[in-house]
Amino acid sequence: MEINLLWGVFGIFVLLPLAGSILSYLGKKFAIYIGIIFALIPTIMLYPFYAQNISELINIGVNINLVFDTTTWFFMLMIDTVAFASFLFAISCVKKKPEGFASLMLLSLAGANGVLMSRDFLSLYIFWEMMSWSAYLLILRSSGEYARRYLLFGILSAYFIIMGIGIFYYYTGSFLFSDSAGIPLMGWFWILFFLVVGFAVKMAVVPLHVWAPYAYSSEPSFVSFFSGGLSKLGTFGILMGMYGIAGLSILQGFGTFRDVSLFGYPFALLGAFTAFIGTILAIFQDDLRKLLAYSSIGQLGYVMVGLGLGTPLAVSGALFHAFNHAFFKSLLFLGAGAVIYRTGKYKISEMGGLGYRMPFTFLFVLFAIFALAGIPITSGFISKWMLYEAAIEKKFVIIAPLMLIASVGAFLYSFRILYGVFLGQLDKPYENIKEAPLPMLVAMGILMLPLLIFSIFPGWILEWIDDIMKSTGVGTIDYNTYSYYSSIGGANMLVLWIAFMLVFIVAMLIFLMKKARKVDQYDNYLAGESPPYVQLHAAHNFYKPLRDTWAPLLKYSIDRAYEKLSRFFVEGFEEIKKIYTENPQDYAAYLGIAFLLFLFIGWWLL
Amino acid sequence: MIAVHPVLLIAIPLFFAFLLPLIGLFSKKVLKYVVTGTIALNTIIALLVFREALNSPIFDILGGFKPPLGIVLMVGPLGGFIALIINMAGLIISIYGMEMKKEPLVKYYMLSLLLLMGANGMVLTGDLFNLFVFLEVTSIASYGLAAYNKDLKGFEGALKYVILGSIGSTFVLIGIALIYSQLRTLNMLDIATRLNEMDPYVKIVAFTSLFLGFGVEAEMFPLNTWVPETYDGAPHSVSAMFASMSAKAGIFALARVIFTIFAFTNYLWFVVIMGVLTVFFGEIIAYAQRDIKRMLAYSSIGQMGMILMGLGIGTTMAVEGAFFQMFSHAMAKALLFIAAGYMIYATQTEKMSEMKGIGRNPLIGIPLLIGILSILGMPPFIGFYGKFYILMGGFSEGYYAIIALFLAASLVEVAYYARFIKIAFEGGGKRYPSPKATVYIPLLLFAVIIVIFGVYPKPIFEILSHVTTFLTGGV
Amino acid sequence: MDLFTLVSLILIIAMLIAAVVAAEIKDLLSAAIAMGIVSLIVSILFYILQAPDVAITEASIGAGLSLAIMIFAIKHTERWEK
Amino acid sequence: MKRILGGVIAVLIFIVLALAFVHIPFGNIDLAEYHYYNPVDNEHTQDSVPQHYLDEGKKETGSTNIVTAVVVDYRGFDTLGEVTVLFLASTGVGSIMYIFEKEKRRKVRRANAVVETASKLLFGFIILFGAYIFVHGHLTPGGGFPGGAVIASSFLLLYLAYPRFHAEHKNLNIAESLAGLTFVGVGILGLFLAGYFLYNFLPFGLPTYLFSAGVIPVIYVAVGVKVGSELTGIVDAMMGVRE
């Protein structure tokens, strides 16, 4: 009976999308609709399967272990919902070969769900790679060069993972996570190092992030799934690697620094730098998609901090933030996608005032930005607050300030989006622009709901996280429906929410009592004069003073370093190519030398 | 008593190869159907032989003289498996070969049948001198086919192959002569049981000679210099045959020499090093190529190096991986060479940079993608299991540094295939003629095999569980 | 040293010289003839070693036909190695 | 530099191989001290393979010439392979030389009258001699390969004497095909009649008689015809090349 249940779960979450992938490829014109159905079923089916704990060993030559527990459930909730919303969004924007889009999306969804269900390295690797190459093909639809960058880093990450798996296999002779007994500390170090670095590539941790800005510039409906959904697999992998397989006691065995494992600390530091660098770079982007991409890098840096620190508060915060990030970043990418779909432009400096024509899109993006910047009426606040507290609690004087600076930076680029895209003067070409089509709005609405709900009731999500924390043995935090508590405070969202609303209402009342008069923007700038049409929207060289301040540092680019490295290698390859001289006499000499060499080695060995 | 004689796998192609000129006198049009039919018949027999060999090894005694007096064909599960792969690949490639236009067609078909027959013989035989004879058959058929285009490139490639191939087979002959002079027998198992009677020095020289000689055919590192030019100059179907048939036969013969005959276990790490060097140089030089067929040829070297590495690691898992890799490489590389043939035909150039958008036709694009992903070792295609098992086998033996080098080379492989995919799927190319049935049917067949056994590899692994007996000197 | 060994030795040395000449000489026609001489001596040696079957084959194919084919080939290309 | 390196490599390989070759027993050796292992029945026998050939060869194959017994009967499969190699060589040459075939033949000087007459005279005798060699393969030294080569050399003589002589390619092809089919056919017939490929299914007859040794003469005739026509084909292809 048990095994039937497992196969049922496996069928719904992995095989069904796989089948859907084939079906939608055959569906041609209706591909997207088929895709929606096959993405919706797993999303809905998550509800009956809540709090299940199914685990089965299956022998396919080697033992593999498929599991469906709260960890799986929690991550699936993000990924499947985001996938569904992305599909909805895609109805109106994917016109070019929709069957390819739908089938590849479902394939990567199946891969992602498979990764989440596997508790052994073989199936994990298989599904991971499936997800990787289908994402690669999806990016390929937009740009071959971007796809190539992504693929190289994707494979690099896979090879790191495979090194970790291999060392694990060397010590245990098994792929099961549960067979980890008897690995020496040195072995653990290399296993975890390779695994964490490998998964960190997917999370775009600096300096392995250079693929992300490009990959996130492809088709918006896919990117929202990619950045919101698939990058969470990196989080899942690191969580599994550090806490699921190894566990706290082994991590602490490497030595501790203020109760934080010396293994995790460098990664936390790296995460903080990622948050910082991602944010700084996001501020200076003019391409809307690139801005969001760097912002995504920065936000996932926070998650990395939490996972690296490894205190209960930090890990809970990381998971919570990952959850939030899945929704608000998908929402932002979708919003950006809607704007790009309507205007056909990518550059922020070429937009402006669109909020008057696309009010719903504006509203959704506004909420997403609240969540991203951590403003209390969205759930983005609480997760960030948990992470700050986790860093402050242990008095980390580098990590905490970096995170705070990054948070301020997040305001800067959020403002950039709000002002540059939605506020300000409506440019002439956009006079007659329409609101985004209905499916897009519905998709964005679906993604916004959880952000609002969980801002008042963080306890619901903390309950799931608590389950995960228990199963990984990190320890738990105190929480109730509205709040959580930590050694240096905590937060009560209900109080905050009420306070915020009070302030909001007061402000509203003041605003209304003052009998505000609507002033045309033109009048506002030009004091009532009416010259011929001028463009007043100041969007070029935004934050120029800031950029000037940072100029000396901005000239170092990790991108360029990689380019230099690759050029060095390619030149080297051309040199090595000369071994094949195309002269048969040389070749015959190689043969002779090889014979003598083989003979010598043989004589020596035998 | 044996139900199906493995010798038929050799006799039937031979019979029809001799018959072809006579058929050619009456009608040249039926030739291609005769050839495809012959190989289809052969494939069916290979399947039957393989099924029987799974139960117990088949010893097909030739001429009625018991070994080692006479020659015996010995077909274990693995030999049967490789023979099946070779015949299957040959069948599918022969569909593509129907398109061949260049005269003299009779000779082309005869040579390709004999190449198949030679490869079959190399895999099936249980006699060392017989192995040499079939090595000669295979390589001389290859020389003829390599120059079949009759242009300068073809001649140059074939000439280099002739030079290196004949040096290689001379070494094989020397090795066999040394063994015979010491043991007075040519049967492989007889040699294996009585190996310790040999003088140690002679033993090593004999081993080295055989290793080197078959290494030339198996594309081992310093001996594979002929590969790129020969593959490049040969007709496309012939390149596919080389990659999927003669190279596989060569490496299986090498495996026989290493495991069945000599079983030098402390020599194996050297094989691993040669394997990883083969991978390393193959992949790196492939990156520096601009012509598609040369790139595929060097990539083929890389894949063969991977197989060699798996054999050298020598654990059950790694050798299973190596055999799986033989299967996957035979399928995927044949697919890619056929696709390359179409692309060169459609674009009239070998330069990859001028093949913009060639993969946009799904009949080409999807098999092409599947083939490349399989070569790169992506699940759920068959290329994954071979690579993964070889790696895991290597890890369990503790070859960390070698595997790191190997993975670095693999990353280079990913880079150049991604470069090619980028060009092939880029928009803005011109319109290309759509592929004929003789092109897309083999492509689709290969792609289907790659996907089916990638999704459900269990049957293959069941076959490969016989690796344990192979490693302990069994058939 | 008996006659058998002496004759064998002389033949072997002659064969070696012919082989080196075949490899080194620039005149391809002479090289081909030197190859023929090698084959001829080999066939004599086979005969001395009581292998008449092989001796006949070697003499007719090695010293006869393949030499003729090589000369034809040289005739169609150039006589002097560059 | 390269030349010196090549020389050094060659000399080293020579030394290494020579050191191995000195281990080969030479002269009168006691074959009885070897024994072999039969992997099919898994039994060790106090007998060596060459000794077995010498002792039992005549009885087991009916061939007076032990070399022929080994080449055609004990290791007949190898011979089939070798014939195929030759066939391949001729096919390969034919396929490569194909482009030149249709071009016109160059005017060449005729050979002198002595050569022409002598070759006319000798041609038949040489063919006869070749046929003798392969027909008597199981009785006297020689066999299909040398016999075929002798036949081919008779054609070579014609080519030298008459520059315009041209053997019909079609006929050569038919001859070699039929001969090859005979060889394989005999093998397959053996498989059907006795369960062994290339089984010697004909009666052995009396030793030293022409009609003895079962299928050996049949195979040797086929090999002789095949080798003769193939080598002639190669010579013809080479002669056919005209610039």
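Worth a mention:
- Of all residues making up the stretch B:228-249, the number that are outside any helix (DSSP H, G or I) and either within 12 Å of another protein chain (Cβ to nearest Cβ) or at positive phi (or both): 1
For (1) within 7 Å of chain B (Cβ to nearest Cβ); (2) over 20 Å from A:Y243 (Cβ atoms); (3) out of contact with any helix residue (DSSP H, G or I) (no Cβ under 9 Å at 6 or more places or on another chain); (4) open to solvent by less than 10 Å² (accessible area, probe 1.4 Å), each residue gets a yes or a no:
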{"position": "A:Y159", "(1), (2), (3), (4)": "yes, yes, no, no"}
{"position": "A:G164", "(1), (2), (3), (4)": "no, no, no, yes"}
{"position": "A:Y171", "(1), (2), (3), (4)": "no, no, no, no"}
{"position": "A:S178", "(1), (2), (3), (4)": "no, no, no, no"}
{"position": "A:F189", "(1), (2), (3), (4)": "no, no, yes, no"}
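- Residue match in the stretch B:172-181 (condition: among the β-branched types (V, I, T), more than 8 Å from chain D (Cβ to nearest Cβ) and buried (at least 24 other Cβ atoms within 10 Å of the Cβ)): yes
- Against the numbered list (1) open to solvent by 10 Å² or more (accessible area, probe 1.4 Å); (2) in the same structural domain as D:V184 (by TED's automatic domain parsing); (3) over 20 Å from B:L114 (Cβ atoms), D:A69 comes up short only at (1).
- Once the stretch D:182-204 is narrowed to residues that are open to solvent by 40 Å² or more (accessible area, probe 1.4 Å) and more than 7 Å from chain B (Cβ to nearest Cβ), the residue that is nearest to the chain's Cα centre (by Cα) is D:T182.
- Among the numbered conditions (1) more than 16 Å from the chain's Cα centre (by Cα); (2) at pLDDT 90 or above, the only one that B:S239 does not meet is (1).
- Members of the stretch B:191-227 found to be facing chain D (nearest Cβ under 10 Å) and crowded, with 24+ Cβ neighbours inside 10 Å, listed by number: B:I191, B:I204, B:V205, B:A206, B:T208, B:S209
- Filtered residues of the stretch B:27-83 (kept if more than 10 Å from chain D (Cβ to nearest Cβ), aliphatic (A, V, I, L, M), surrounded by 19 or more Cβ atoms within 10 Å (Cβ to Cβ) and part of a loop (DSSP other than H, G, I, E, B)): none
- The requirement of being under 22 Å from C:I13 (Cα atoms), of a type in the set (S, T, N, Q) and away from chain D (no Cβ under 14 Å) is not satisfied by C:S43.
- Candidates A:A85, A:A31, filtered to the one that is in contact (Cβ under 8 Å) with a residue 60 or more places away in the chain and under 22 Å from A:N324 (Cβ atoms): A:A85
- Scanning the stretch A:551-560 for residues that are within 27 Å of the chain's Cα centre (by Cα) and open to solvent by 60 Å² or more (accessible area, probe 1.4 Å) yields a count of 4.
Yes/no matrix, rows are residues, columns are (1) in a strand (DSSP E or B); (2) modelled with pLDDT of 85 or more; (3) closer than 20 Å to A:Y50 by Cα:
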| position | (1), (2), (3) |
| --- | --- |
| A:M448 | no, yes, no |
| A:S455 | no, no, no |
| A:G459 | no, yes, yes |
| A:L462 | no, yes, yes |
| A:I465 | no, yes, yes |
| A:M469 | no, yes, yes |
| A:Y485 | yes, yes, no |
| A:G490 | yes, no, no |
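- Against the conditions (1) buried (at least 24 other Cβ atoms within 10 Å of the Cβ); (2) at the interface with chain D (Cβ under 10 Å from one of its Cβ atoms), B:L124 satisfies every one except (2).
- The stretch B:426-445, residues that are in contact (Cβ under 8 Å) with a residue 60 or more places away in the chain and more than 15 Å from B:L336 (Cβ to Cβ): B:E426, B:G427, B:G428, B:G429, B:K430, B:Y432, B:P433, B:S434, B:K436, B:T438, B:I441
- Residue in the stretch D:31-44 that is within 12 Å of chain B (Cβ to nearest Cβ), touching a Pro at 6+ places or on another chain (Cβ under 9 Å) and open to solvent by less than 10 Å² (accessible area, probe 1.4 Å) present: yes
- Once the stretch D:1-24 is narrowed to residues that are more than 7 Å from every other protein chain (Cβ to nearest Cβ) and assigned to a loop (DSSP other than H, G, I, E, B), the residue that is nearest to B:A206 (Cα to Cα) is D:V22.
- Among the residues making up the stretch A:9-65, those that are out of contact with any Phe, Trp or Tyr (no Cβ under 8 Å at 6 or more places or on another chain), assigned to a helix (DSSP H, G or I) and surrounded by fewer than 18 Cβ atoms within 10 Å (Cβ to Cβ) are A:G11, A:L15, A:I22, A:L26, A:K28, A:K29, A:F30, A:Y33, A:I37, A:I41, A:I44.
Here's the yes/no breakdown for (1) over 20 Å from the mean Cα position of the chain (by Cα); (2) without any contact (Cβ under 8 Å) to a residue 12 or more places away in the chain; (3) more than 21 Å from A:G271 (Cβ to Cβ):
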position	(1), (2), (3)
A:L331	no, no, yes
A:R342	yes, no, yes
A:Y346	yes, no, yes
A:P359	yes, no, yes
A:F362	yes, no, yes
A:F367	no, no, yes
A:M386	no, no, no
A:E393	yes, no, no
A:M403	no, no, no
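- The number of residues in the stretch D:35-81 that are free of Cβ contacts under 8 Å to residues at least 12 places away in the same chain, farther than 17 Å from D:N200 by Cβ and assigned to a helix (DSSP H, G or I) comes to 2.
- Residue that is most open to solvent (accessible area, probe 1.4 Å), among those in the stretch D:136-160 that are facing another protein chain (nearest Cβ under 10 Å) and not in a helix (DSSP H, G or I): D:P141
- Test: residue in the stretch B:254-263 that is of a type outside the set (F, W, Y), open to solvent by 20 Å² or more (accessible area, probe 1.4 Å) and modelled with pLDDT under 90: yes
- Search result, residues across the stretch B:360-397 that are open to solvent by less than 10 Å² (accessible area, probe 1.4 Å) and among the aromatic types (F, W, Y): B:F384, B:F388, B:F395
- Of all the numbered requirements in (1) within 20 Å of A:H209 (Cα to Cα); (2) more than 13 Å from chain B (Cβ to nearest Cβ), A:P545 misses one, and that requirement is (1).
- Which listed residue, of A:F263, A:F284, A:F254, is open to solvent by less than 40 Å² (accessible area, probe 1.4 Å), over 17 Å from the mean Cα position of the chain (by Cα) and more than 30 Å from A:G420 (Cα to Cα): A:F263
- The listed residue being surrounded by 21 or more Cβ atoms within 10 Å (Cβ to Cβ), on the phi < 0 side of the Ramachandran plot and modelled with pLDDT under 85, out of D:S90, D:S63: D:S63
- Residue in the stretch D:79-97 that is over 30 Å from D:I234 (Cα atoms), facing chain B (nearest Cβ under 8 Å) and out of contact with any Cys (no Cβ under 9 Å at 6 or more places or on another chain) present: no
The values are calculated or read from the model by the stated rules, or taken from the named source; none is laboratory data. Since the model is a prediction, treat every value here as computed from it, not as a measurement. Heads up, the Cβs are rebuilt from the backbone with ideal geometry, glycines too, and the neighbour counts pull from every protein chain shown. Calculation scope for accessible area: heavy atoms of the full protein, side chains included, ligands and nucleic acids excluded. Shrake-Rupley method; radii C 1.70, N 1.55, O 1.52, S 1.80 Å.
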